[in-house]
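First the structure, in the form of structure tokens, and then the observations on it.
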Amino acid sequence: MSITNARKLAISYTPLMEYGKAWELQKKAVQAIDSGDEPESLILLQHPPTYTIGSQNHPEHLLLNSEQLKEQGIALFEIDRGGDITYHGPGQLVGYPLLRIGEDGKVNLHGYLRDLEQVIIDYLASYGIEGDRKPEYTGVWVGDKKICAIGIKFNKSRFRKGFVTSHGFAFNISAGISEKGFQGIIPCGIAQFGVTSLEECTGKSLDIEKIARELIPYFLSRFAYEEILGDS
């Protein structure tokens with residue numbers, strides 16, 4: 001998809017942010033971006049252990065009761081993005097692109113999803129890893145294991161045409177993440193396939209902040225931003 005060139009993009013990375021705080025941050029930023037008070041942004045971060053249930057709302061895909069969640073220290077949020085249930089936690093790079101799309105009246109919401117997937121696919125290729133799509137699902141896969149989940153919301157603009165995006169992608173980096181929080185859910189409601197991580201695919205120990213910095217040029221290239229503001 002094509003977004004107007006030379007837009008300014010504020011990019012930040014936070015090592016750990018509680019999910020509720022990040023969600024409120026997104027809501028406020030969406031309003032400010034829509035009104036023109038803030039530039040579009042890409043928020044990169046990690047969350048403490050958290051389950052989020054999207055608008056498909058299948059609580060049966062959560063396999064733990066409230067007492068077990070408390071014992072394991074996992075927070076639970078029902079949120080306004082698309083999709084089913086997923087896990088966020090340390091060792092996973094989460095990206096929230098807050099972008100204006102469709103201002104020209106040509107809105108390709110499906111294309112935005114595909115572009116987010118392509119950012120991750122292109123980055124995986126730099127490691128010699130073949131990332132791919134499954135036609136019936138969103139996200140990025142390595143073989144039959146999902147390495148990156150995607151769930152987004154298109155917020156209707158009040159002050160201009162089009163939308164401001166929120167929520168985004170969750171890219172599994174650290175080995176063992178699939179044995180942690182993902183064991184307590186049916187991820188995205190997909191029981192027949194598994195979950196993997198970049199460390200499991202490469203056999204290397206990786207630094208998540210370094211991954212975040214490496215990923216930025218792939219995002220800028222795919223979405224045609226030319227200038228970076230903020231902490232990158």
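Shape summary of segment 1-117, radius of gyration then Dmax from alpha carbon positions: 16.1, 50 Å. Close Lys pairs in segment 95-171 (alpha-carbon distance under 19 Å; sequence gap of 8 or more, or different chains): 6.
Taking Ala32, Ala149, Ala75 in turn, the Gaussian network model of the chain (Cα-Cα springs below 10 Å) assigns the largest fluctuation to Ala32. Evaluated with a Cβ-only charge set (Lys, Arg +1; Asp, Glu -1), the chain carries a dipole of roughly 540 debye about its Cα centre, given to the nearest 20. Over all orientations, the chain has a Cα convex hull whose mean projected area works out to 11.8 square nanometres. Largest first, the residues Ser126, Ser41 sort by 1.4 Å accessible area into Ser126, Ser41. Neighbours of Gly102, meaning other residues whose beta-carbon lies under 11 angstrom from its beta-carbon, give a summed charge of +3 when Lys and Arg score +1 and Asp and Glu score -1. Modelled label-to-label distance, Glu67 and Lys134, 7 Å Cα→beta-carbon offset: nm? It works out to 3.4 nm between the two label points. 3J(HN,Hα) couplings calculated from phi for segment 162-171 with the Karplus curve 6.51 cos²θ - 1.76 cosθ + 1.60 (θ = phi - 60°) are, in sequence order, x, 9, 10, 7, 8, 6, x, 10, 10, 9 Hz; Gly and Pro show x. With K and R counted +1 and D and E -1, the other residues having a Cβ less than 9 Å from that of Lys153 yield a net charge of 0. Along the chain, counting only GluC sites (Glu not before Pro) with a DSSP assignment other than H, G, I, E or B and at most 13 other Cβ atoms inside a 10 Å radius, the longest segment between sites is 19-129. Using a probe of 1.4 Å on the protein chains alone, the accessible area found for Arg222 is around 80 Å².
From helices alone, the chain scores -8500 deg cm²/dmol at 222 nm; the rule is -39500 (n - 2.57) for each run of n ≥ 4 DSSP H residues, then divide by the residue total. Under a 5 Å amide H cut-off, with hydrogens placed 1.01 Å from N, Ala175 pairs with Glu199, Glu200 among residues at least 5 apart or on other chains.
The values are calculated or read from the model by the stated rules, or taken from the named source; none is laboratory data. A quick note: this is a predicted structure, and the numbers were derived from the prediction, not measured. Don't worry about glycine lacking a Cβ; one is built from the backbone with ideal geometry, like all the others, and counts go over all protein chains shown. Accessible surface is based on the protein model in full, side chains and every heavy atom, while ligands, DNA and RNA are left aside. Shrake-Rupley method; radii C 1.70, N 1.55, O 1.52, S 1.80 Å.
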